[in-house]
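The values are calculated or read from the model by the stated rules, or taken from the named source; none is laboratory data. What you see is a predicted model, and the numbers here were worked out from it, not measured in a lab. Cβ sites come from the backbone with ideal geometry, for glycine too, and all protein chains shown count toward neighbours. Note: areas computed on protein heavy atoms with side chains; ligands, DNA, RNA excluded. Shrake-Rupley method; radii C 1.70, N 1.55, O 1.52, S 1.80 Å.
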Amino acid sequence: KEGTEEIIVEYNYIDARGISNANYADSFIDLKGTRAYIRYNTFVRHGETKLTRGIAVIDRGVELSSYEHVIHDNEFYLDDDGSNIKMVDAYSGTTDVYAWNNVRHPSNGPAYSNSVIDSCCPPWYSPPPDATSPTTTTTITPTTAPTITTTTPTTAPTTTPETTTPTSTTTTPLSPAPTTTTTAPATTTSSPVPSPTQAPDASSSLREIIISGFRISTLSARGKFRNRIPDNPP
């Protein structure tokens, strides 16, 4: 584009099929700015009859337009009937357009227009170190359209989720362990039953004499005498 500079186009595969030729669309690339570096690309016509030039250099009459371009080490496949197509065509008004080491297939036509400088290298450009031209690994037949293989993505199998029947678990409450109550036998303290007082012999004569609040019992039969503490002493 005019007004641009220091543009690098490298290591591309450019196919001419489908260009419209509308608005001067009749080349692989139009260079309208300044200092564009076109290198290590592969250009293929593929029988496109609307392609009339390889790379066109066009002056737009503005600042930074159509000077100091470099085009080198590219491959051009222009078909047998493209003998009138130039690899680089620089229009009038352009300056300092350099081209070298570009290869034409087949080599049955002109390489460059007269204003293109076929040599390396301008003082303002240094090729990248250890750079190599594009390596062609297959034979390209320009008149045969390449086979386009469409890969249909494999549809992942539909996985039906397994239906899991919920397991009904009945929990029977455990019966409480029987409570064993150990009843200690009550310890019964038996007070000795006082032996009944033997009644005095019926033949005995019991006489009680109350003297000054004291009770005096006299057992005449046994001849014993017992004093008692008064029940209610004075």
Checking residue 117 against (1) touching a residue at least 40 places away in the same chain (Cβ under 8 Å); (2) open to solvent by 40 Å² or more (accessible area, probe 1.4 Å), the condition it does not meet: (1)
Could you please find all residues in segment 1-34 being part of a strand (DSSP E or B), closer than 17 Å to residue 72 by Cα and not polar (S, T, N, Q)? 6, 7, 8, 9, 10, 13, 14, 28, 29, 30, 31
Considering only residues that are among the hydroxyl-bearing types (Ser, Thr, Tyr) and more than 41 Å from the chain's Cα centre (by Cα), look in segment 5-34 and name the one that is modelled with the lowest pLDDT. 24
Cβ pairs under 8 Å, 6+ apart, first in segment 101-113 and closer than 13 Å to residue 44 by Cα and open to solvent by 40 Å² or more (accessible area, probe 1.4 Å), second assigned to a loop (DSSP other than H, G, I, E, B) and of a type in the set (A, V, I, L, M, F, W, C): 105/78; 105/140; 106/78
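Would you point out which residue out of 95, 42, 34, 49 is free of Cβ contacts under 8 Å to residues at least 60 places away in the same chain, β-branched (Val, Ile, Thr) and within 20 Å of residue 17 (Cα to Cα)?
Details: 95 fails: within 20 Å of residue 17 (Cα to Cα); 42 fails: free of Cβ contacts under 8 Å to residues at least 60 places away in the same chain; 34 fails: within 20 Å of residue 17 (Cα to Cα).
Just a single option satisfies the conditions, and that option is 49.
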Starting from segment 1-23, keep only residues that are open to solvent by 90 Å² or more (accessible area, probe 1.4 Å), then list their pairs with residues that are of a type in the set (Gly, Ala, Ser) whose Cβ atoms are within a distance under 6 Å, requiring at least 6 positions of separation or different chains. 1/33; 5/33
